[in-house]
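*Asks:* Here it is, the structure, as structure tokens.
Where a number appears in this text, it was derived from the coordinates with a stated rule and is not lab data. This one's a predicted model, so the numbers in the text were calculated from it and none came from an experiment. Positions of Cβ are backbone-derived with ideal geometry, glycine not excepted, and every protein chain shown enters the neighbour counts.
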Amino acid sequence: MRSIASSVVRPREVERLDRHFQSVLHTLSSDAPALRPSARRARARHLSTLDDYRRAKRFPRNLHVRGRVPVFVDELGARCAMAHLIESTGHRDLVEHVHAARNLARIPDLIDIPGLVEWLEANGLSLDDASRIQPSYQCYPPSECVCGNPPDGIVEAEYSAPTPGGDATFTVTAVYGSTPGFAVGDVTTYTSRRSSPYFERDLLLIRSGSVQEAIEVTSDDVVWPPCDPTIVSNPGLLPKEVFIDASLASDCEGKLKAYSPAWVDDAACAGGGQGSQGGYDSSGGGGGGYVRTTPTSRDGCSTSPATVEPHGVAILLFAAGMTFVAGRRLARRRR
């Protein structure tokens, strides 16, 4: 049984942030500021909490601003390091205040937020310490869906039969790149992370010798790339050959650009900032979806939404189409 350990993180960004936090932890651990015993203990706890945060790798994403900017809380609720530390002490109200008022501001620009300076003093952290801890986050073009976590190899496999527990059995029909342990004609059974793994063919993405992702191939030989759902303006489906060629190429972005410039267009990063509520519609009317917000100010701080454009429509249409296709194929098998 092969288990798919899927992840939606962007490794290049995660590696950069991991190095940032390791450097910060080294610096802050080496410092010995004169503190009250309670503040010294709190500082030590926060350094330990920061290391746990680094290891968990649940970092916020910048979806709307070209370049790198701080993001206190992102659209899916992921906290930046400082927001995480503050909330770990029970001060969620302070986190929500910053999120609503100045979500993209740097720490020195937040000193007038009621309670922030007092929190820093009580917890053994200086304004300079907090500024060191706070990183910035990169906005990516849609090519990151394909190029952000490239596989070592790809296995194309044809559906054979379902197995109990939502698993699927496939026969390997082609291999591309480095696929140790897989050969044409092999039969493999694995646990799919998808709710409906029973399409006729899958592309299995191999990283470090194991299956990390399964992608359905439609009857028209097209695939929906394994996008992090927070990447905005996904241009949509890709021909299977283009996806495989780009995924395994040293110039992945160049391959996608040759197919369609839309895949490397970072226009979605030009919005200038997030809305006051972080750009996520959690109202419940319609289930809550991803939205892009265009701010009324251009400084990245104290912004409020001026326009809202739904970005979940393409995903919903694709899901509906895939459900229809799956239904037809299951019906054919019953006949």
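*Asks:* Please identify the trypsin sites (Lys or Arg not before Pro) of the range 77-139 that satisfy two criteria: DSSP loop assignment and at most 15 other Cβ atoms within 10 Å. Which are they?
*Replies:* Hits after loop and neighbour filter: ARG106.
*Asks:* Within the set of other residues whose C-beta is less than 11 Å from the C-beta of LEU85, count the net charge using Lys and Arg as +1 and Asp and Glu as -1.
*Replies:* Computed value for this residue: 0.
*Asks:* Using the Karplus curve 6.51 cos²θ - 1.76 cosθ + 1.60 with θ = phi - 60°, what ³J(HN,Hα) values do you get for each residue of the range 115-123, in whole Hz, with x for Gly and Pro?
*Replies:* x, 5, 4, 4, 5, 4, 4, 5, 10
*Asks:* Once label points are set 7 Å from the Cα along Cα→Cβ at both ASP31 and ARG66, what is their separation, rounded to one decimal in nm?
*Replies:* 3.4 nm
*Asks:* Give the long-range amide H neighbours of VAL217: residues separated by 5 or more places, or on another chain, with amide H under 5 Å away, using H modelled in the peptide plane at 1.01 Å from N.
*Replies:* HN-HN under 5 Å from VAL217: ARG201, ASP202, LEU203.
*Asks:* Give the cross-link partners of LYS240 among the lysines, using a straight C-alpha distance below 21 Å as the criterion and excluding same-chain residues fewer than 8 apart.
*Replies:* Correct list for LYS240: LYS255, LYS257.
*Asks:* May I ask for the equivalent-ellipsoid semi-axes of the range 8-138, computed as the square root of five times each C-alpha gyration tensor eigenvalue and listed largest first in whole Å?
*Replies:* In descending order, the three semi-axes are 23, 18, 12 Å.
*Asks:* Right, next: Which order, highest average first, do 212-218, 17-23 follow once you tally other Cβ atoms within 10 Å for each residue and take the mean per peptide?
*Replies:* Ranking the peptides 212-218, 17-23 by packing returns 212-218, 17-23.
*Asks:* Enumerate the amide H contacts of ASN62 below 5 Å, restricted to partners 5 or more residues apart or on another chain; note that Pro and chain-start residues carry no placed amide H.
*Replies:* Long-range HN contacts for ASN62: GLN138.
*Asks:* 5 Å is the cut-off here: which amide hydrogens, built 1.01 Å from N in the peptide plane, fall below it relative to ALA168, excluding neighbours closer than 5 in sequence?
*Replies:* THR163, TYR190, SER192
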